[in-house]
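Here is the structure we will look at.
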Amino acid sequence: MKLKGVVHKYGANVDTDAIIPARYLNVSEPGELAGHCMEGIDGEFLSRVKPDDIIVATTNFGCGSSREHAPIAIKAVGISCVIAQSFARIFFRNAINIGLPLFECAQADEIEQGDELEVALEKGEISDITRNKVFKAEPYPDFMLQIISTGGLIEYTRKKIEARGSQ
């Protein structure tokens, strides 16, 4: 599976409150959360973002609280994946659980705002079409690819249970 989109670039320590401010934590509807995505760090994000775009950051993306609202808002706004040098562990797990692919890439700081990227999900290969560069991220193990491709842990589990029931 290949993901292709335009980069929205951020720096280090983008916390969950910047991704989705705490005042929206009483909201559970993904579409409503999407309307406030990145509000705490980038007031112009929603006017620029298009379906399949990609967020790129440097270190410790998703730090702060363990709120699952942050990856839900990112996915609901149409972001296809997030690339960073490192992620907060709980954010990483929450993102995978909802089917939002994240890629740890040591060279993420070389990718610029507005670059067009193509990401080969299975290989962990990130092609910067704008700069004619290729970066490598650690590919996912098969079971995690299955979780992502089915839309998250709940759908993955539902399909496993259904498959057992039809045997």
Scanning region 41-67 for residues that are crowded, with 18+ Cβ neighbours inside 10 Å and at pLDDT below 95 gives GLY64, ARG67
Note: among GLY152, GLY114, just one is on the phi > 0 side of the Ramachandran plot and in contact with a Gly (Cβ under 9 Å, 6 or more places away or on another chain), namely GLY152
Picking from GLU162, GLU104, the residue that is over 22 Å from PRO30 (Cβ atoms) and within 12 Å of the chain's Cα centre (by Cα) would be GLU104
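Just to be sure, is CYS81 in contact with a strand residue (DSSP E or B) (Cβ under 8 Å, 6 or more places away or on another chain), surrounded by 23 or more Cβ atoms within 10 Å (Cβ to Cβ), hydrophobic (A, V, I, L, M, F, W, C) and modelled with pLDDT of 95 or more?
Numbers: in contact with a strand residue (DSSP E or B) (Cβ under 8 Å, 6 or more places away or on another chain): yes; surrounded by 23 or more Cβ atoms within 10 Å (Cβ to Cβ): yes; hydrophobic (A, V, I, L, M, F, W, C): yes; modelled with pLDDT of 95 or more: yes.
So CYS81 passes the test.
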Selection over region 53-74 where residues are in a strand (DSSP E or B) and within 24 Å of VAL27 (Cβ to Cβ) yields a count of 3
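The values are calculated or read from the model by the stated rules, or taken from the named source; none is laboratory data. Given the structure is predicted, the values throughout are model-derived calculations rather than measurements. With ideal geometry, Cβ positions are generated from the backbone for all residues, glycine too; neighbour counts draw on all protein chains shown.
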